[in-house]
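S.K.: Dropping a structure here in structure tokens format, bear with me for questions.
The values are calculated or read from the model by the stated rules, or taken from the named source; none is laboratory data. Predicted, not measured: the structure shown is a model, and the values here were computed from it. Please note: Cβ atoms are built from the backbone with ideal geometry, for glycine as well, and neighbour counts cover all protein chains shown.
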Amino acid sequence: MNSKKPQMGAPKNILVPIILLHLRDINAYGYELMEKLTTFGVDSVDRGNFYRILRQLEKDELVTSEWNTEENGPAKRIYAITEEGLSYLDLWAGSFGEYQKLLTNFFKLYNPFLFPSTPASKKTDEADDIND
């Protein structure tokens, strides 16, 4: 039997909501966004793919960018989220909320010791199941 862990990565487009989330708070250069992704927990980011994603987000009008030539050195592109980007981020947040419920239910069944049922929480869970 193969005891290796399966190579499971994040969903292909998981970078999109993470990028938008960071741009919601600050306008940033590409390299700053890449640093934020790694501190967020994304293990590695392919630079070429990352900048393709940023260009696509701009094409889709979810972000805008402009050249900043005011600082010393070469001009740098600074990115900002648009109103459409904020709306799209809200959609992702809603999807993640639903996905989080599924994951919680998965782990309740997978390892019930992590999520012991108390009589009060069991009634709440049953009520949630009925309402869903």
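S.K.: Residues of the range 27-64 being at pLDDT below 95, outside any helix (DSSP H, G or I) and either closer than 17 Å to Ile81 by Cβ or touching a helix residue (DSSP H, G or I) at 6+ places or on another chain (Cβ under 6 Å) (or both), which ones?
M.R.: Residue satisfying the conditions is Val45 alone.
S.K.: Which ones in the range 70-93 are surrounded by 10 or more Cβ atoms within 10 Å (Cβ to Cβ) and part of a helix (DSSP H, G or I)?
M.R.: Hits for the range 70-93 are Glu84, Gly85, Leu86, Ser87, Tyr88, Leu89, Asp90, Leu91, Trp92, Ala93.
S.K.: Counting only residues that are of a type in the set (Lys, Arg) and touching a strand residue (DSSP E or B) at 6+ places or on another chain (Cβ under 9 Å), how many does the range 70-113 have?
M.R.: Taking the range 70-113 as the starting set, the residues that turn out to be of a type in the set (Lys, Arg) are 76-77, 101, 108.
Adding the requirement that they be touching a strand residue (DSSP E or B) at 6+ places or on another chain (Cβ under 9 Å) leaves 76-77.
Residues in the range 70-113 being of a type in the set (Lys, Arg) and touching a strand residue (DSSP E or B) at 6+ places or on another chain (Cβ under 9 Å): 2 in total.
S.K.: For the list (1) surrounded by 14 or more Cβ atoms within 10 Å (Cβ to Cβ); (2) part of a helix (DSSP H, G or I); (3) over 13 Å from the mean Cα position of the chain (by Cα); (4) of a type outside the set (Lys, Arg), I need the number of the one condition that Leu23 fails.
M.R.: (3)
S.K.: Filtering the range 96-132 down to residues that are among the aliphatic types (A, V, I, L, M) and closer than 30 Å to Asn13 by Cβ, which residue is modelled with the lowest pLDDT?
M.R.: To start, the set of residues in the range 96-132 that are among the aliphatic types (A, V, I, L, M) comprises 102-103, 109, 114, 120, 127, 130.
Remaining after also requiring closer than 30 Å to Asn13 by Cβ: 102-103, 109, 114.
Details: Leu102: 93, Leu103: 91, Leu109: 90, Leu114: 75.
Going through the qualifying residues, I end up with Leu114.
S.K.: If the requirement is being of a type outside the set (A, V, I, L, M, F, W, C), out of contact with any Leu (no Cβ under 6 Å at 6 or more places or on another chain), within 24 Å of Ala93 (Cα to Cα) and surrounded by 16 or more Cβ atoms within 10 Å (Cβ to Cβ), which of these qualifies: Ser44, Ser65? Working first, answer last.
M.R.: On the way: Ser44 fails: surrounded by 16 or more Cβ atoms within 10 Å (Cβ to Cβ).
One residue alone meets the criteria, Ser65.
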